[in-house]
Structure formats: structure tokens, C-alpha cells
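Worksheet: the structure to be examined is printed underneath.
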Amino acid sequence: MTTQPLKAALSGRVQRPVPLRETVYETILNLIITREFPPGRHLVESELAEQLGVSRQPVREALQRLSNEGWVDLRPGYGAFVHTPTESEADQLLAVRAVLETEAARLAALTALPEQVEHLRELWRAGVAAVDDVDVDSVVTANAAFHRGVIEASGNRVLAELAEQVDRRVRWYYAPIARSRGMASWHEHAEIIEAIAAGSAGEAARLMNDHTERTRLTYHDRVDS
């Protein structure tokens with residue numbers, strides 16, 4: 001197992017002020033979400049422990065937790081493997097995301113403050129810069145930040161809590177298609193911002209629904225190709 005992703009992510013050893021098992025869990029999860037550890041990757045407990053500079057116990061606990069949450073498959077006699085999502089799993093998750101974010105865009109058009117709209121524009125500029133730099137990790141992060149900004153602008157705290165539950169998994173699905181969606185995605189974001197700024201609730205909802213649907217179809221096209 002290559003150690004480069006771990007070294008890049010950690011820049012050394014795990015820092016101890018945060019509970020160790022939590023740090024190990026977050027580190028491995030981040031490497032899965034960013035596809036540094038791609039679906040199907042064998043996660044060798046002893047090698048992870050060595051690279052993280054910890055004993056095998058917190059790694060074992062992290063892998064068990066990741067298994068409980070559906071990120072890792074534990075196969076008796078073989079070990080731990082990064083979960084490979086089925087098309088059905090992806091479709092269900094992206095469908096839920098579409099419902100939540102379409103409503104968020106509609107509400108944001110009705111309630112967003114001028115400073116929240118400007119914040120969306122700042123996030124948009126960051127995303128465009130990341131696309132121009134061909135920095136996929138930054139594009140994925142910027143995309144998540146933009147969608148989170150729309151949800152925050154909706155003013156609906158329950159909706160925000162629900163969206164937060166699916167945020168990491170959405171980023172996991174988005175990572176492999178970020179390059180192919182490219183600037184088109186950010187053109188769509190720009191249209192959504194303008195609809196929100198204009199207070200056009202119906203238009204903002206329609207644009208967001210179309211946007212999330214294009215992402216869903218792009219994901220399936222990539223899986224099928």
C-alpha cells in the first residue's frame with residue numbers, strides 16, 4: 001500500500017491533543033472522501049498504524065466505526081476494504097440531496113441577506129479559480145462550500161442539519177466527476193446566485209434542481225462508461 005497519501009495528509013504524525021481514536025477516524029475518512037483511498041482499496045491495519053504513528057487499537061476502532069457508517073467493508077478472513085458504492089446507493093443519496101438543495105435554493109431566494117449573496121459570490125470566485133488551476137481537491141471543497149452557503153442562506157436550521165448528514169457522502173460521489181463537470185457546474189452556480197439575488201424563488205429552485213440532476217446523470221455516465 002502506497003504511503004504517499006498518508007504522508008501528504010498528515011505532514012508527519014497524528015497530533016495528540018484531539019482524542020486519538022477521533023483523529024485516526026477523521027484522517028482515514030478524509031482519505032476515503034477525497035478518493036486518495038479509492039473504493040475497493042485494501043486498508044491494512046498494521047500499515048495504517050505504522051504510518052499514523054499509533055498502535056493498532058485506535059486504527060481497529062476507526063475501521064469498525066467506518067464500517068458501521070458504510071464507508072468500509074469488513075470481510076472476515078480478508079480484512080477491511082473501502083466500500084464500493086452501488087449505482088442504487090448513489091442514486092438514492094443524490095436524489096435526497098436534490099430535494100434538500102432545491103428547497104434550500106427556493107428559501108434562500110426569499111430570505112437571503114445581501115451579505116449572504118455576496119458570500120455566495122465569493123465562494124463562486126474561489127471555485128472558478130480552483131477549476132482554472134485544475135486543482136480537483138480544491139474544486140470538490142469549493143463545490144461543497146458553495147452548496148453549504150446556499151443552505152445557510154435558506155435560514156432553515158432543520159434543513160441545514162439534514163444536509164450536513166449527507167454532505168460528506170455527496171463530496172465522495174462528486175470527487176470522481178469534478179473534472180468532467182468542470183466550469184459548466186460553476187456557470188450553473190452563477191445562475192443560481194443571480195436567481196437568489198433577484199428573489200426569484202421558483203427560478204432558483206428550478207435551476208438548483210436542474211443542476212443537481214446534471215450531477216447525478218454525470219455520475220451515472222461515468223460509472224457506466
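Give me the residue from the stretch 137-180 that is of a type in the set (Gly, Ala, Ser) and farther than 21 Å from ALA108 by Cα and, out of that set, most open to solvent (accessible area, probe 1.4 Å). Can you show your working first?
If we filter the stretch 137-180 for residues that are of a type in the set (Gly, Ala, Ser), which is where we start, we get 138, 142, 144-145, 149, 153-155, 160, 163, 175, 178, 180.
Applying the additional criterion that residues be farther than 21 Å from ALA108 by Cα yields 138, 175, 178, 180.
Numbers: SER138: 49, ALA175: 16, ALA178: 5, SER180: 87 Å².
Across the stretch 137-180, the extreme among qualifying residues is SER180.
May I ask you to verify whether VAL128 is under 13 Å from GLU101 (Cα atoms), open to solvent by 20 Å² or more (accessible area, probe 1.4 Å) and of a type outside the set (Asp, Glu)? Explain how you work it out, then say what you get.
Details: under 13 Å from GLU101 (Cα atoms): no; open to solvent by 20 Å² or more (accessible area, probe 1.4 Å): yes; of a type outside the set (Asp, Glu): yes.
No: the conditions fail for VAL128.
Test ALA109 against the criterion of being under 29 Å from ARG214 (Cα atoms) and within 20 Å of the chain's Cα centre (by Cα), and give yes or no. Even if it seems obvious, please write down each step before you answer.
Numbers: under 29 Å from ARG214 (Cα atoms): yes; within 20 Å of the chain's Cα centre (by Cα): no.
For ALA109, the condition - under 29 Å from ARG214 (Cα atoms) and within 20 Å of the chain's Cα centre (by Cα) - is not met.
Among the residues of the stretch 31-51 satisfying the criterion of being in contact with a strand residue (DSSP E or B) (Cβ under 8 Å, 6 or more places away or on another chain) and part of a helix (DSSP H, G or I), which is surrounded by the fewest Cβ atoms within 10 Å (Cβ to Cβ)? Write out each step before concluding.
Just the residues of the stretch 31-51 that are in contact with a strand residue (DSSP E or B) (Cβ under 8 Å, 6 or more places away or on another chain), to begin with: 32, 37-45.
Restricting the remaining residues to those that are part of a helix (DSSP H, G or I) gives 32, 45.
Working: ILE32: 22, GLU45: 15.
Here the answer is GLU45.
When residues of the stretch 199-216 are filtered for being over 17 Å from the mean Cα position of the chain (by Cα), over 13 Å from HIS187 (Cα atoms) and assigned to a helix (DSSP H, G or I), how many remain?
7
Can you pull out the residues in the stretch 192-205 that are charged (D, E, K, R) and buried (at least 17 other Cβ atoms within 10 Å of the Cβ)? I'd like the intermediate steps shown before the answer.
Step one: of the stretch 192-205, the residues charged (D, E, K, R) are 194, 203.
Selection gives GLU203 alone.
Answer yes or no: is there a residue in the stretch 138-147 that is over 20 Å from ILE33 (Cβ atoms), of a type outside the set (Val, Ile, Thr) and modelled with pLDDT under 95.
Going through the stretch 138-147, the residues over 20 Å from ILE33 (Cβ atoms) turn out to be none.
Within the stretch 138-147 (the criterion being over 20 Å from ILE33 (Cβ atoms), of a type outside the set (Val, Ile, Thr) and modelled with pLDDT under 95), the answer is no, since none of the residues qualifies.
Could you tell me which of the residues VAL82, VAL96 is under 19 Å from the mean Cα position of the chain (by Cα) and either open to solvent by less than 30 Å² (accessible area, probe 1.4 Å) or of a type in the set (S, T, N, Q) (or both)?
On the way: VAL96 fails: either open to solvent by less than 30 Å² (accessible area, probe 1.4 Å) or of a type in the set (S, T, N, Q) (or both).
The conditions single out VAL82.
The values are calculated or read from the model by the stated rules, or taken from the named source; none is laboratory data. Note that this is a predicted model, so its numbers are computed, not measured. Ideal geometry is used to build each Cβ from the backbone, glycine not excepted, and the neighbour counts take in all protein chains shown. In case anyone asks, the SASA skips ligands and DNA or RNA and just uses the protein heavy atoms, side chains included. Shrake-Rupley method; radii C 1.70, N 1.55, O 1.52, S 1.80 Å.
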